[in-house]
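What follows is one structure encoded as structure tokens, with my remarks underneath.
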Amino acid sequence: LGRQWISTPRSAPEPDLGSTLSPAGPPSLNGASTAVEAGNSSAVTTSPAETSGAAAFRGRIIDAATQQPVPEFEIHLTRRPPDDAPIPKPLSKTFRSASGRFAWTGLAEGTWRAAINAPGYQQFNLDALDLKRSATREIAMPLRRGYELRGRVVELGSGAALVGAFVTFQPFGTAVDFWHQQSAKSQADGSFSLDGIPGGDV
């Protein structure tokens with residue numbers, strides 16, 4: 001697509017054009033847990049309806065570089081399906097919290113998968129989140145800054161804009177689990193904006 005593609009960092013230092021950005025995958029959870037009760041947070045939206053349970057998911061979302069709280073983020077939860085079973089539709093909720101802390105209650109006990117998204121950040125994944133009735137531990141989740149990719153999807157022969165094209169990404173040479181993946185759809189003029197892309201070859 002040539003000059004129709006623009007890749008710019010969001011609130012991140014400009015990379016050295018003479019060097020190659022290193023691939024930045026989701027950070028590890030190892031060593032990121034604390035034993036602090038979650039504070040108050042404002043839950044904005046939930047879709048679909050929550051399960052009725054006694055377990056809770058508590059955590060704090062922070063910037064991996066500055067250690068400052070990320071004030072707005074979206075969490076997607078799903079139960080891990082058996083092998084070859086269809087992936088269930090995730091529960092999704094948006095939080096606004098000045099401290100970056102949240103508490104999502106009313107969840108069923110068991111093993112969940114979590115994906116955390118925030119504007120300008122790479123997605124953070126928890127592949128085996130064990131929720132129990134008695135658990136009060138707060139999990140600290142550091143988010144790395146990402147890039148925003150803007151472009152247009154057009155028909156090759158005529159150059160006409162294509163509407164509703166599904167656009168996603170995958171770091172080169174990696175196997176990505178697409179149960180929840182950042183994506184975008186092209187608009188009426190074929191344009192799209194895809195947020196939270198890691199540096200390196202994608």
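The values are calculated or read from the model by the stated rules, or taken from the named source; none is laboratory data. Because the structure is predicted, anything quoted here is derived from the model rather than measured. We place every Cβ from the backbone using ideal geometry, glycine too, and count neighbours over all the protein chains shown. Just so you know, the surface numbers come from the protein's heavy atoms only, side chains and all, with ligands and any DNA or RNA stripped out. Shrake-Rupley method; radii C 1.70, N 1.55, O 1.52, S 1.80 Å.
In the stretch 162-202, the residue that is farthest from the chain's Cα centre (by Cα) out of those that are more than 29 Å from residue 128 (Cα to Cα) and part of a strand (DSSP E or B) is 191.
When the residues of the stretch 126-161 are filtered to those that are surrounded by 15 or more Cβ atoms within 10 Å (Cβ to Cβ) and over 26 Å from residue 114 (Cα atoms), the one that is nearest to the chain's Cα centre (by Cα) is 150. Among the residues of the stretch 178-201, none qualifies, meaning not one is of a type in the set (Phe, Trp, Tyr), out of contact with any strand residue (DSSP E or B) (no Cβ under 9 Å at 6 or more places or on another chain) and open to solvent by 20 Å² or more (accessible area, probe 1.4 Å). Would you confirm whether or not the stretch 79-94 contains a residue that is open to solvent by less than 20 Å² (accessible area, probe 1.4 Å), over 19 Å from residue 183 (Cβ atoms), of a type in the set (A, V, I, L, M, F, W, C) and under 19 Å from the mean Cα position of the chain (by Cα)? No - not one qualifying residue is present in the stretch 79-94. Name the single residue, out of those in the stretch 96-106 being crowded, with 17+ Cβ neighbours inside 10 Å and in contact with a Pro (Cβ under 9 Å, 6 or more places away or on another chain), that is nearest to residue 142 (Cα to Cα). In this case the residue turns out to be 100.
Identify the residue in the stretch 110-155 that is of a type in the set (Lys, Arg) and assigned to a loop (DSSP other than H, G, I, E, B) and, among all such residues, is modelled with the highest pLDDT. The selected residue is 144. Of the residues making up the stretch 90-109, those that are of a type in the set (D, E, K, R) and part of a strand (DSSP E or B) are 93, 96, 101.
Of all residues being more than 19 Å from residue 118 (Cα to Cα) and either touching a Phe, Trp or Tyr at 6+ places or on another chain (Cβ under 6 Å) or among the hydrophobic types (A, V, I, L, M, F, W, C) (or both) in the stretch 163-175, which is modelled with the lowest pLDDT? Just the residue, please. Per the stated criteria, the residue is 175.
Scanning the stretch 107-120 for residues that are open to solvent by less than 20 Å² (accessible area, probe 1.4 Å) and under 16 Å from residue 75 (Cβ atoms) turns up 107, 112, 113, 114, 115, 116, 118.
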